1. Give me the dipole magnitude in Debye, nearest 20, for the chain about the Cα centre, with unit charges on the beta carbon: positive for Lys and Arg, negative for Asp and Glu.
2. Carbon and sulfur atoms: what percent of the 1.4 Å accessible area of the chain do they account for?
3. On average, how much accessible surface per residue is there in the chain, in Å², for a 1.4 Å probe, leaving out ligands, DNA and RNA?
4. Lone cysteines in the chain, going by a 4.7 Å Cβ-Cβ cut-off?
5. Taking a temperature of 10 °C and a viscosity of 1.306 mPa s, what whole-number D in µm²/s does Stokes-Einstein yield for the chain with Rh from Kirkwood over alpha carbon pairs?
6. Any idea which of 66, 19, 42 is furthest toward the positive side of the dipole for the chain, if Lys and Arg beta-carbons carry +1 and Asp and Glu beta-carbons -1?
7. Have a look at 25, 13, 62 and tell me which one the Gaussian network model of the chain (Cα, springs below 10 Å) gives the largest fluctuation.
8. Computed FRET efficiency, Cβ-Cβ of residue 72 and residue 28, R0 22 Å: what is it to the nearest 0.05?
Amino acid sequence: MLTIKCAKCKTKLFKYKKIGQGKVLRCWKSKITRLYDGEIQAKNFVCGNCNNIIAEIKDDRLDMNSEAFTYSGTKIRK
Ligand SMILES: [Zn+2]
């Protein structure tokens, strides 16, 4: 499980069940297991604390802005 944090202010945003060792480019909504903080503004998911734009929201996923977040935790082996 990964914990996704805002790169600017380090606020915890959500927990994500990442399968496979690849980069975190997209986060499928169905694999977000816990939402800590964050807001929807237009088509973007933004940090609830500093309004940093974390991702663009699509129907079934978040397309992540790679410079806007950091993560910790472990990816799940396929
Ligand atoms: Zn932030």
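The values are calculated or read from the model by the stated rules, or taken from the named source; none is laboratory data. Nothing here was measured: the structure is a model prediction, and the numbers come from that model. All Cβ positions, glycine included, derive from the backbone under ideal geometry; neighbour counts span all protein chains shown. The area values use the complete protein model at the heavy-atom level, side chains included, leaving out ligands, DNA and RNA. Shrake-Rupley method; radii C 1.70, N 1.55, O 1.52, S 1.80 Å.
1. On the way: 18 positive and 7 negative charges, 108 e Å.
That gives a dipole near 520 debye.
2. Looking at the chain in its full context, I get 46 percent from C and S.
3. On a per-residue basis, the chain sits at 64 Å².
4. 27 - these cysteines have no disulfide-compatible partner (Cβ-Cβ under 4.7 Å) in the chain.
5. This corresponds to a translational diffusion coefficient of 130 µm²/s.
6. The listed residue farthest towards the positive side: 19.
7. 25
8. 0.70
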